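J.: The structure is given below, and queries will be raised subsequently.
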Amino acid sequence: MASSTESSLATASWEQIRELFPLDPATTHLNTGTVGATPHEVIDTYERVTREWTGSLANIYPPTLYPEYRARIAADFGVDQDELAICHNSTEAIARIVAGLDFGPDDEVLTTSHECFSLLSNLNLAHNRFGVRITIITLPSGPDITAEEIVALFEAAITPRTKVMAFAAITLYTGTRMPVRALCDLAQRHGITTVVDGALLPGMLEADLRALGVDFMTGSGSKFQCGPLGTGLLYARNKVFPEHNPLPLPTFWPVISTWYPLLGEMPKRTRTSVETCNMGDYLQSAGSANIGRAAALADACDLWNRIGRRRIEERVLELGWYTKQRVVEHFGESALYSPLSDANLHAPLVAFKPFRAPEDAWNINKIMAFVDRLESAHGIWIRWVEFEVPGSPHIHYAARICTHLFNHHDEVDRTLKIMVQLADEMS
Amino acid sequence: MSSSEPRQDGPSRGGTLRLYGPGSMDHVDPASAYYALGHQIIRLFARQLFTYPAVKDLKDWRAITPVPDVAVEVPTTYNTGLTVNHLTYTIRLRPGVLWDTTPPREVTAHDFIRGFKRMCNPVCGAGAIRYFTSTIRGMAEFAAAYAEAVPHPDATPAELAAFQNAHEIEGIRALDDRTLVFELVKPASDFLNILSMPFASAAPVEYDSLVPDGPDFRRQVRSNGPYRLVDYDHGKFLRMERNPFWDKATDGVRNQHVDAVEVTMEHADPVAVGRKIIADEADLSWASPVTEPYDANPTDPGNDLGYALNPYVVFNTASPNNGGALARPEVRRALAHAMDKMAILDIYDKLAAGTVMRPARSAIPPGNDGYVPFDLYPTPGDRGDPDECRRLLAEAGYPDGLTLTILHRDVDANPDVAKSLARDLERAGITVDFLPLGHSHYYAYLQDPAHAEAGSWDLSAPSWTPDWFGDNGRSFLQPMFQTNRNRGTSNYGCYSNPEVDRLIEEALATTDHERAYRAWHEIDVQVMRDAAIVPILEHAPTIPHLKGKRVRNAIPMPTIDRWFDLSNLWLEEAP
Ligand SMILES: Cc1ncc(COP(=O)(O)O)c(C=O)c1O
């Protein structure tokens, strides 16, 4: 039975796959960047496992180390369970990474103004707490931006004090898929630790975290991975594979841990590709935890494997590309804030200005009303985003469409048609 | 409930609150009023986007934290009011806040924009204009263009309105009648404090046809608060009555307990004012420090609330007298040595104002951001050193001394302070003249650079209390020392040092609190090196003002120099 389901999912049509999700037929869900739709079977797993453990007198501490779930999920991202912890969301993961780094007042962190508040607020906390200097660059936006431009921007901002580069794998405002490998190469050349906010990555792109060469990565379990709300991933490089990242492991304090020794120190961390200290356990063991949640996330990951992660990536990128084409067709290329010409920067998040008047791009009321009316009058669920644009004194507000495997082209077409009408009415 | 328990009833409604004393508003126009007594009155008729609530316990941080006034809520990143770079504020206005116009009209975002533009007017501008121009994008450019287009202080309302209505401040926009957007040039953690200044009041379109703070303005000033001015005789009398169009449902901080507020302004000394209050012929003092008997001496409130400089000596650096001697820092440094601070402390001690005071040495007194103790002009026991003054004057090329005019108010301790300063200066070989002025003209006179430039005064002893507390590094240095020669300036002596101007902007650009604190201190050192002023006394921010026996719920407000919030007190007639 199981194997036949697997093969059928790998070849199932997208219409059939859509049936896996409890989507409301009256709404168009184009906001997976905020929260995905949890498949029926993942909800079932969550309920079943929760029932199994509820009222049980068993010692719940050993199973909340989640050794099996971690191993399963880690494999999906090209890493091992000693490098991975299941946590509550990307924000928690980023907070624990920032709090665990060994910062001093002479250190500098290089980041961008296009990061999620969850990263910027934790960096400011580190600034206030340790005196770390935070250097913020503003990423370019628009159809013509290139990966080279982004890497050059980072390179120009590196100083001898730069200790960490922190950036999103996919930015949530302009939907720019960052050149992670190239940025890690740059960082490694300067002995810099990389912290990647990968909230949007799991479930969207097939990724090998080890091959990307990152030191730390976070992930949301409930966005593109479509696990239950309150799930996230924390990856901490725990072994040295020189072909991917030859730098020694950065000093890291596993804050929020009941595994950390009560006396003395953790085992020495490795300088080779052989684990000597299970950082994942130190991070995972943090008091009692919800087992159903982890089981459901592992199940969501499993479902993705059965459909095929590469297949999903191709599907979402194609839908994103399709959306960009339609936006350009209806609103013009200059309306796009998301990358267009450099396909390496593509992600299935498309940000654009729906209104013709330039000053409407910095009118928060208009974009809010636009998004509200899409939802209330048409059942279309997107979100608006705000971000800096280099050289502009204004904060820009844009509409963001986010497509995922359960969306289809008709939804995109219908949405854009309605958007054109609505924008006309409001212009 | 036993009959001996005090009555727990709510506020009483009615009665006329009577204030009495020698004070005066400086201006009625919120765009230029910059004196605590005036702000006590303005709070009753002019509303801002944010303001301070009346909070009984001065140690409670809420007493010094702005809350929404006409704004709906405090903008944060979570309610989308504040962008992540802290440069854009989106502020939504409450519906239903009305002007007392005929017919009554809602206060709009455009009224606030008009208020911001009016602050830059050349007739009578905002004393702390640089809080705004160094913070809001395009406001400095707007002010500069305004000054160039309408350069004369006796411009007509039509000229002013023509400029204001044809030009925009780039960084302030009304998205609609109830949404205001502010764009800043740099993040300002004190921006809500700045928006809580009475300067930042809304202004109705009717003001376009009035000279700022002119006689017609004072007659026709409009209200959107609980009271409105019905009678105003500058420096003599004012009466406010309930504004029938004010609705408590739209105002989270003010009330309308009393029927009317009357202020009788008369030349009276603190003893006479106290006698009136005790005799129940007045309810509260207007300007005179009359202290209530207290159980425990209210010494330092112990919560680090910023001290005031009261008084300080300001030099008229623009004075043409003595061949422009006061423009020279060497001369001012010499004079700084002459002053006997302890003698002035004795004068204030006799007033028994019930507050802690000490000789002051820095422009920023304790409890305010940037305060670090230092003394560039120490004299034995703070008693002054006339010989050192004389020696330094000779060194500066004035072996025969100078002739200086002291401008002073003719009420309370001020004449004695002037005499004391004169004695100190005469001991150092300086000839002193006096220019006494009534309370009602004093600050307006000081705020007009034309008087400074004409040399009608050389030094004076005003006081300065911080405009807000906590994170207030700019609240002494920016209004007092940054270059500002517009009418309405609070840089009375026209001190101007480009290096200080630059350092102030630099300190404002420092988001790191500790570094900013040090930067403000460095500027303090620089202005003291220039001897732009001589700090005389620093006062703890507590004065237990005397209250008449009918007065209930009188809550002192730190942001109006501990004068009471008249919009929250009520009167209880004896049973
Ligand atoms: C790039 C990025 N980082 C972090 C987050 C925060 O994610 P979480 O809710 O999992 O903490 C988001 C949420 O939208 C995001 O898009």
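J.: When segment A:210-222 is examined, which residues are found to be touching a strand residue (DSSP E or B) at 6+ places or on another chain (Cβ under 6 Å) and more than 16 Å from the ligand (Cβ to nearest atom)? Explain how you work it out, then say what you get.
T.: Step one: of segment A:210-222, the residues touching a strand residue (DSSP E or B) at 6+ places or on another chain (Cβ under 6 Å) are A:214-221.
Once the filter is applied, which keeps residues that are touching a strand residue (DSSP E or B) at 6+ places or on another chain (Cβ under 6 Å) and more than 16 Å from the ligand (Cβ to nearest atom), segment A:210-222 yields only A:D215.
J.: Also, quick follow-up: Here are B:E159, B:E170, B:E241: which of them is in contact with a Gly (Cβ under 6 Å, 6 or more places away or on another chain) and in the same structural domain as B:V107 (by TED's automatic domain parsing)? Give the steps one after another, and end with the answer.
T.: Values: B:E159 fails: in contact with a Gly (Cβ under 6 Å, 6 or more places away or on another chain); B:E241 fails: in contact with a Gly (Cβ under 6 Å, 6 or more places away or on another chain).
Going through B:E159, B:E170, B:E241 in turn, the sole match is B:E170.
J.: Right, something else. Any residue at all in segment B:139-147 that is assigned to a strand (DSSP E or B), within 14 Å of chain A (Cβ to nearest Cβ) and crowded, with 20+ Cβ neighbours inside 10 Å?
T.: Within segment B:139-147, none of the residues are assigned to a strand (DSSP E or B), within 14 Å of chain A (Cβ to nearest Cβ) and crowded, with 20+ Cβ neighbours inside 10 Å.
J.: Right, next: Open to solvent by less than 40 Å² (accessible area, probe 1.4 Å), outside any helix (DSSP H, G or I), under 17 Å from A:G280 (Cβ atoms) and more than 16 Å from the ligand (Cβ to nearest atom): does that describe A:G78?
T.: In short, yes.
J.: Are any residues in segment B:389-441 in a helix (DSSP H, G or I), buried (at least 17 other Cβ atoms within 10 Å of the Cβ) and modelled with pLDDT of 95 or more, and if so, which ones? Show your work before the answer.
T.: To start, the set of residues in segment B:389-441 that are in a helix (DSSP H, G or I) comprises B:389-395, B:414-427, B:439-441.
Of the ones still in play, those that are also buried (at least 17 other Cβ atoms within 10 Å of the Cβ) are B:389-390, B:392-393, B:414, B:416-418, B:420-422, B:424-425, B:439-440.
B:C389, B:R390, B:L392, B:L393, B:D416, B:V417, B:A418, B:S420, B:L421, B:A422, B:D424, B:L425 - these are the residues of segment B:389-441 that are in a helix (DSSP H, G or I), buried (at least 17 other Cβ atoms within 10 Å of the Cβ) and modelled with pLDDT of 95 or more.
J.: Please find, within segment B:101-138, the residue that is farthest from the other protein chains (Cβ to nearest Cβ) out of those that are over 21 Å from the mean Cα position of the chain (by Cα) and under 16 Å from B:P30 (Cα atoms).
T.: By that ranking, first place goes to B:R114.
J.: Could you check how many residues of segment A:94-120 are of a type in the set (F, W, Y) and either within 11 Å of the ligand (Cβ to nearest atom) or not assigned by TED's automatic domain parsing to the domain that holds A:M217 (or both)?
T.: Narrowing segment A:94-120 to residues of a type in the set (F, W, Y): A:103, A:117.
Going one step further and asking which of them are either within 11 Å of the ligand (Cβ to nearest atom) or not assigned by TED's automatic domain parsing to the domain that holds A:M217 (or both), we end up with A:117.
Number satisfying all stated conditions: 1.
J.: Also, I was wondering about something else. From the set of residues in segment B:484-518 that are outside any helix (DSSP H, G or I) and either among the basic types (K, R) or within 14 Å of another protein chain (Cβ to nearest Cβ) (or both), which is most open to solvent (accessible area, probe 1.4 Å)? Don't jump to the end; show me each part of the working.
T.: Of the residues in segment B:484-518, the ones outside any helix (DSSP H, G or I) are B:484-497, B:509-512.
Subsequent filtering for residues that are either among the basic types (K, R) or within 14 Å of another protein chain (Cβ to nearest Cβ) (or both) retains B:485, B:487, B:510-512.
Numbers: B:R485: 122, B:R487: 74, B:T510: 30, B:T511: 107, B:D512: 36 Å².
Here the answer is B:R485.
J.: Looking at segment A:393-402, is at least one residue small (G, A, S), part of a helix (DSSP H, G or I), in contact with a strand residue (DSSP E or B) (Cβ under 6 Å, 6 or more places away or on another chain) and within 14 Å of chain B (Cβ to nearest Cβ)?
T.: No, that holds for no residue.
J.: How many residues does segment B:50-82 contain that are away from every other protein chain (no Cβ under 11 Å), touching a Lys or Arg at 6+ places or on another chain (Cβ under 8 Å) and assigned to a loop (DSSP other than H, G, I, E, B)?
T.: Of the residues in segment B:50-82, 6 are away from every other protein chain (no Cβ under 11 Å), touching a Lys or Arg at 6+ places or on another chain (Cβ under 8 Å) and assigned to a loop (DSSP other than H, G, I, E, B).
J.: Just to verify a result, which residue in segment A:182-204, among those that are away from the ligand (no atom under 12 Å from the Cβ) and open to solvent by 10 Å² or more (accessible area, probe 1.4 Å), is nearest to the other protein chains (Cβ to nearest Cβ)?
T.: Among them, the one singled out is A:T193.
J.: Anything in segment A:121-171 that is among the hydrophobic types (A, V, I, L, M, F, W, C), touching a strand residue (DSSP E or B) at 6+ places or on another chain (Cβ under 7 Å), within 14 Å of chain B (Cβ to nearest Cβ) and within 16 Å of the ligand (Cβ to nearest atom)? List them, or say none.
T.: A:L123, A:I136, A:L139, A:A168, listed by residue number.
J.: Right, another one. Filter segment B:83-100 for residues that are more than 10 Å from chain A (Cβ to nearest Cβ), of a type outside the set (K, R) and either within 16 Å of A:W384 (Cβ to Cβ) or outside any strand (DSSP E or B) (or both) and give the result. Full working, then the answer.
T.: Restricting attention to segment B:83-100, the residues satisfying the condition of being more than 10 Å from chain A (Cβ to nearest Cβ) are B:86, B:89, B:91, B:93-100.
Next, from what is left, pick out any that are of a type outside the set (K, R): B:86, B:89, B:91, B:93, B:95-100.
B:H86, B:P95, B:G96, B:V97, B:D100, listed by residue number.
J.: Taking A:A236 and the conditions (1) over 16 Å from A:L84 (Cβ atoms); (2) buried (at least 23 other Cβ atoms within 10 Å of the Cβ), which numbered condition does it fall short on, given that it satisfies the others?
T.: (1)
The values are calculated or read from the model by the stated rules, or taken from the named source; none is laboratory data. Computed from a predicted structure; not experimentally measured. Ideal geometry is used to build each Cβ from the backbone, glycine not excepted, and the neighbour counts take in all protein chains shown. SASA here: full protein model, heavy atoms, side chains in, ligands and nucleic acids out. Shrake-Rupley method; radii C 1.70, N 1.55, O 1.52, S 1.80 Å.
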